[in-house]
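Visitor: Okay, here's the structure, questions in a sec.
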Amino acid sequence: MRRALTVGLVLLVVAAALAVRYLALARTEALAAAEDREMAVRAAAAHAVSLMSIDHRRIDDDIKRALATSTGPERAQYAAGQAALRAATLKNKAVQTGVLRASALASLGGDRRTAQVLIVGDAVIHWEDGRKAPPEERFFRWRMDVTKASGLWLVSRAELVQ
């Protein structure tokens, strides 16, 4: 009887230890997933602000910032258009100031290496080239694909949506 009680207690302690370990691993996994969701949204938001905020006085830094927050097709597309963007911004002495209005996670891939984020932002552009034109408002709505590469979340595709 005593031996059966000892075996029962040992099994109970082992089961409790396994349950605690399982709960700790599940909590760690949930925290990691929550962090991935937050970082994916932050990366898309940072990229959106970079796309909306262009100033002729610091255009090279603005371009570098947009390239630094992107990867893959998005980075290639932005890099291909950077010379035209730079020339137009400098010619018109344009200053576009962007404001992030909202950002939300649409989905997170099962492997937690890809995500889709929805972004809403507005920008005001004015020109310092002497023209008397009033500032122009622009409204941006994006669906951004975000990819985790080398531990960093970067925008791999930014699609304007209506």
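The values are calculated or read from the model by the stated rules, or taken from the named source; none is laboratory data. Just so you know, these numbers come straight off a predicted model, no measurement behind them. Quick reminder, even Gly has a Cβ in these numbers, built from the backbone with ideal geometry, and neighbours come from all protein chains shown. Areas reflect the complete protein model, heavy atoms only, side chains present, ligands, DNA and RNA absent. Shrake-Rupley method; radii C 1.70, N 1.55, O 1.52, S 1.80 Å.
Visitor: Which condition from (1) touching a residue at least 24 places away in the same chain (Cβ under 8 Å); (2) farther than 21 Å from Trp127 by Cβ; (3) open to solvent by 60 Å² or more (accessible area, probe 1.4 Å); (4) in a helix (DSSP H, G or I) is the one that Val41 breaks?
Guide: (3)
Visitor: Residues in the stretch 22-41 that are farther than 30 Å from Ala158 by Cα and basic (Lys, Arg): how many?
Guide: Looking only at that region, the number is 1.
Visitor: Out of all the residues in the stretch 82-104, which are touching a helix residue (DSSP H, G or I) at 6+ places or on another chain (Cβ under 6 Å) and open to solvent by 60 Å² or more (accessible area, probe 1.4 Å)?
Guide: Correct list: Gln82, Arg86, Leu90, Lys93, Leu100.
Visitor: When you scan the stretch 52-65, how many residues do you find that are crowded, with 19+ Cβ neighbours inside 10 Å, touching a helix residue (DSSP H, G or I) at 6+ places or on another chain (Cβ under 6 Å) and aliphatic (A, V, I, L, M)?
Guide: 2
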